[in-house]
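Q: One structure follows; several queries about it will come next.
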Amino acid sequence: MLHLKGLGKTYKTGDVALSDVTLEVPKGQIMGLIGPSGAGKSTLIRCINRLVEPTAGAVMLGDVDLASLGKRELRRQRRRIGMIFQEYALVERLTVMENVLSGRLGYVPFWRSFLRRYPPQDIQNAYRLLDRVGLMEHADKRADALSGGQRQRVGIARALAQEPELLLVDEPTASLDPKTSRQIMRLLTEICAERGLPAIVNIHDVPLAQQFMQRIVGLRAGRVVFDGPPEDLTEAALTEIYGAEDWHAMRAGDAEQAEAEAEARARMEALA
Amino acid sequence: MTEITHYSQVWAHRTPRKRLFMWLGWLALVALFVWCWQVMTENTIWAFVADAPRQAADIGGRMMPPRLSYLPELMVPLWDTINIATLGTLGGVIMAVPVAFMAARNTTPSQHILRPIALFIIVASRSINSLIWALLLVAIIGPGILAGIVAIALRSIGFVGKLLYEAIEETDARQIEAVQATGASPAQVVSYGIVPQVMPAFWGISVFRWDINIRESTILGLVGAGGIGLKLQASLNVLAWPQVTMILILILGTVVLSEWVSARVRHAII
């Protein structure tokens with residue numbers, strides 16, 4: 001479905017963000033992209049829909065090389081790629097419905113989008129998506145009136161409104177609490193499974209990645225240093241990606257945190 | 001961990017060098033003040049200054065009481081003044097919006113040609129006072145309300161344009177990026193990514209400028225550009241002090257009212 005061939009990005013300052021990344025993502029696969037801050041995860045997914053211009057290589061989405069397109073054709077092709085952002089990136093002052101419908105911008109002429117007169121099937125589909133992500137009753141609320149988890153679900157609905165063939169997901173849970181993070185990841189994976197959608201998910205929470213991803217790619221200093229199923233992500237592999245660190249202690253820490261959370265929840269329930 | 005066992009109790013916010021410069025700076029400021037005072041008082045005729053309270057009391061006495069019967073005659077010029085301010089603001093805002101989009105770094109279609117032109121328009125408009133604009137326009141299009149409206153509009157372009165382009169530059173790039181990622185056209189990116197973000201600023205700036213324009217348009221009559229200023233000038237010319245008082249009270253009331261309206265509107269949208 002998506003095939004990156006020798007993708008590279010060198011910034012004008014001379015910083016090499018990506019070099020020679022070659023990856024293939026088949027239909028229906030959810031691929032997690034892990035790596036330390038500054039490894040080029042964000043740059044990689046932004047090079048796919050060219051929010052960042054790659055400086056080398058090809059981005060094949062089906063038969064089209066996205067890296068070589070002109071502006072107009074690029075806009076047409078961007079419709080095929082849904083994107084979900086770290087801090088939701090909803091248009092805060094527009095309503096939930098307007099945000100979801102904005103996923104249709106690439107399909108409707110300017111006057112329709114300006115007057116908010118979208119075709120009936122787009123509106124029907126938007127309602128269906130809002131129902132799917134559980135926000136039916138919030139359709140006419142302003143986006144900035146929602147909680148973090150709700151906003152991210154609007155972000156998901158907006159991306160799906162494009163009827164994409166590929167999802168790019170940039171740190172979907174970085175601004176969410178652990179419980180909401182898991183809910184969002186579960187929703188994402190369910191939706192991808194329902195639609196056979198391939199997805200590339202940037203994520204820096206390794207346990208979360210292992211829990212939800214079918215395949216994990218590790219990036220270090222702009223290069224792919226790990227590519228395999230989550231089970232293969234051993235301590236040696238993590239050291240390869242992140243550098244030396246006491247992984248065992250970190251995992252123990254995660255278990256402790258989970259325990260503490262469970263305890264806190266029990267206390268809250270006892271109070272209620 | 002370092003090997004230090006005794007931590008210092010002394011910590012200074014500024015280095016001695018910086019402190020010395022601060023003192024020198026203050027000294028220079030005081031010297032400047034003393035010098036300015038001398039320049040200022042050089043040509044003062046102290047006899048007049050000593051006489052000031054008596055003169056003030058004299059004019060004050062002649063201004064009181066305000067001539068209430070003059071009020072009906074002021075209503076039409078007041079209406080003109082409000083129209084000058086409102087239509088002028090409207091015209092200024094309409095012209096300022098494209099200028100602001102051309103001047104903002106993130107929306108300008110050409111960084112090297114249109115942006116400098118837009119910035120020049122803003123600076124030119126801002127550097128000339130409404131009264132001067134009105135003076136020029138009375139000469140060009142003749143005395144009357146139209147000259148006042150155009151003067152206010154021209155003066156408003158710079159103010160609204162500058163504040164609006166700053167608001168456009170401060171928009172959240174992530175929201176814009178997200179709209180771009182859907183495959184939206186440039187016009188759609190502006191209408192979904194930028195316009196919703198600058199809308200509160202836009203209304204706030206426009207109403208604020210309208211409020212300022214009410215004040216500015218009250219004096220435009222002094223140079224023949226219509227409104228209540230005409231009456232003010234006429235009354236001053238014939239030394240009709242009670243009428244002047246009446247006009248000043250009316251202007252004060254109008255300005256207070258416009259400030260209240262503008263504060264309410266801004267409160268409602270922000």
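Taken together, the values in this text are just the output of simple stated rules run on the coordinates, not laboratory data. None of these values were measured; they are calculated from a predicted model. Glycine also receives a Cβ, built like all others from the backbone with ideal geometry; neighbour counts cover every protein chain displayed.
Q: Name the shape class, rounded, prolate or oblate, that the alpha-carbon gyration tensor gives for region A:12-85, where a ≥ b ≥ c are the square roots of its eigenvalues, rounded holds for a/c under 1.5, and otherwise prolate holds if a/b is larger than b/c and oblate otherwise.
A: Because a/c hits 1.5 or more and a/b fails to exceed b/c, region A:12-85 counts as oblate.
Q: What list of ³J(HN,Hα) values in whole Hz, one per residue of region B:175-192 in order, does the Karplus curve 6.51 cos²θ - 1.76 cosθ + 1.60 (θ = phi - 60°) give from phi, with Gly and Pro shown as x?
A: 5, 5, 4, 5, 5, 4, 5, 7, x, 5, 7, x, 5, 5, 4, 5, 6, 9
Q: Between region B:191-252 and region A:112-151, how far is it from one alpha carbon centroid to the other, in angstrom?
A: Comparing the Cα centres of region B:191-252 and region A:112-151, I get a distance of 44 Å.
Q: Between region A:163-229 and region A:4-46, how far is it from one alpha carbon centroid to the other, in angstrom?
A: Cα centroid of region A:163-229 versus Cα centroid of region A:4-46: 14 Å apart.
Q: Can you compute the helix-only [θ] at 222 nm over chain B? Use -39500 (n - 2.57) per DSSP H run of at least 4 residues, normalise by all residues, nearest 500 deg cm²/dmol.
A: -25500 deg cm²/dmol
Q: Dimensions of region B:70-269 along principal axes (Cα, Å, largest first)?
A: The Cα atoms of region B:70-269 stretch 68, 37, 19 Å along the principal axes, largest first.
Q: Toward the positive end of the charge dipole of region B:70-269, about the Cα centre and with charges on Cβ (Lys, Arg +1; Asp, Glu -1), which of B:LEU163, B:PRO196, B:VAL265 goes farthest?
A: B:LEU163
Q: Something else now. Which net charge results for the neighbourhood of B:GLY92, defined as the other residues with beta-carbon distances under 14 angstrom from its beta-carbon, given Lys and Arg at +1 and Asp and Glu at -1?
A: +2
Q: While we're looking at this one, here's another question. Where in chain B is the longest stretch that carries no chymotrypsin sites (Phe, Trp or Tyr not before Pro) classed as loop by DSSP and with at most 11 other Cβ atoms within 10 Å?
A: Numbers: sites that count: B:TYR7, B:TRP11.
Longest site-free region, per DSSP loop and neighbour criteria: B:12-270.
Q: Hey, if you put +1 on the Cβ of every Lys and Arg and -1 on every Asp and Glu Cβ in region B:70-269, which of B:ALA85, B:ALA240, B:ALA124 ends up farthest toward the positive end of that dipole?
A: The listed residue farthest towards the positive side: B:ALA124.
Q: Go ahead and set up a Gaussian network model of chain A, Cα springs under 10 Å, then flag whichever of A:ALA221, A:ALA258, A:ALA126 fluctuates most.
A: It is A:ALA258.
Q: Let me ask another. Using C-alpha positions alone, give me the convex hull volume of chain A per residue in cubic angstrom. Working shown, then result.
A: Details: hull volume 39.5 nm³, N = 272.
Considering the Cα atoms of chain A, their hull volume per residue is 145 Å³.
Q: Non-local amide H neighbours of A:GLU165 (under 5 Å, H modeled in plane, Pro and chain starts lacking H): which ones?
A: A:ILE81, A:GLY82
Q: Here's something else I'd like to know. When Lys and Arg each count +1 and Asp and Glu each count -1, what net charge do the other residues less than 10 Å away from A:GLY82, Cβ to Cβ, add up to?
A: Working: positive: A:ARG78, A:ARG79, A:ARG80, A:ARG158; negative: A:GLU163, A:GLU165.
Around A:GLY82, the charge tally is +2.
Q: Oh, and also: If you put +1 on each Lys and Arg Cβ and -1 on each Asp and Glu Cβ, how big is the dipole of region A:148-272 around its Cα centre, in Debye rounded to 20?
A: Dipole magnitude for region A:148-272 comes out near 520 debye.
Q: Ordered by residue, what ³J(HN,Hα) values in Hz, to whole numbers, does region B:214-230 give under the Karplus form 6.51 cos²θ - 1.76 cosθ + 1.60, where θ = phi - 60° and Gly and Pro are x?
A: With the stated coefficients, region B:214-230 comes to 4, 5, 5, 6, 5, 9, 4, x, 4, 10, x, 9, x, x, 5, x, 4 Hz.
Q: Hey, another quick one. Can you list the residues, at least 5 places off or on another chain, whose amide H is less than 5 Å from the amide H of A:GLN29, using H built in the peptide plane?
A: A:ALA199
Q: For peptide B:169-181, how many partner chain Cβ atoms fall within 10 Å of a residue's Cβ, on average?
A: 6
Q: Shielding of A:103-114 by partners, i.e. mean partner chain Cβ atoms within 10 Å per residue? Before the final figure, lay out the partial values.
A: Working: counts 6, 3, 12, 7, 3, 3, 3, 7, 1, 1, 6, 5.
Averaged over the peptide's residues, the number is 5.
Q: State to the nearest 20 debye the size of the charge dipole of the protein assembly as shown about its Cα centre, where the only charges are +1 on K and R beta carbons and -1 on D and E beta carbons. If you can, show how the numbers build up before the last one.
A: Working: 54 positive and 50 negative charges, 367 e Å.
In total the dipole reaches around 1760 debye.
Q: Report the charge-dipole magnitude of region B:71-210 in Debye, nearest 20, computed about the Cα centre from +1 at each Lys and Arg Cβ and -1 at each Asp and Glu Cβ.
A: Working: 7 positive and 7 negative charges, 52 e Å.
The calculated dipole for region B:71-210 is roughly 260 debye.
Q: Another question about this same structure. Quick one: which residues, 5+ away or cross-chain, put their amide H under 5 Å from the amide H of A:LEU219? H built at 1.01 Å from N.
A: A:ILE34, A:GLY35, A:VAL225
Q: Taking the Cα atoms of the protein assembly as shown, report the difference between the largest and smallest coordinate on each principal axis, in whole Å and largest first.
A: 97, 76, 59
Q: As a quick test, which of the pairs B:LYS162/B:LYS231; A:LYS5/A:LYS41; A:LYS12/A:LYS71; A:LYS5/A:LYS27; A:LYS141/B:LYS162; A:LYS41/A:LYS141 have an alpha carbon distance above 23 angstrom in this structure?
A: Over 23 Å Cα-Cα: B:LYS162/B:LYS231; A:LYS141/B:LYS162; A:LYS41/A:LYS141.
Q: OK, next. Across region A:33-190, what fraction of all alpha-carbon pairs, as a whole percent, falls in each successive 10 Å bin from zero upward?
A: 10, 37, 35, 16, 1
Q: Next question, about the same structure. For chain A, set up a GNM with springs between Cα atoms under 10 Å and report which of A:LEU18, A:LEU233, A:LEU160 has the largest fluctuation.
A: Answer for the Gaussian network model of chain A: A:LEU233.
Q: Please give the net charge around A:ASP170, taking every other residue with its beta carbon less than 11 angstrom from that of A:ASP170, where Lys and Arg add +1 and Asp and Glu add -1.
A: 0
Q: Work out which trypsin sites (Lys or Arg not before Pro) in chain B are exposed loop sites (DSSP not H, G, I, E or B, at most 13 other Cβ within 10 Å) and give the longest gap free of them.
A: B:106-270
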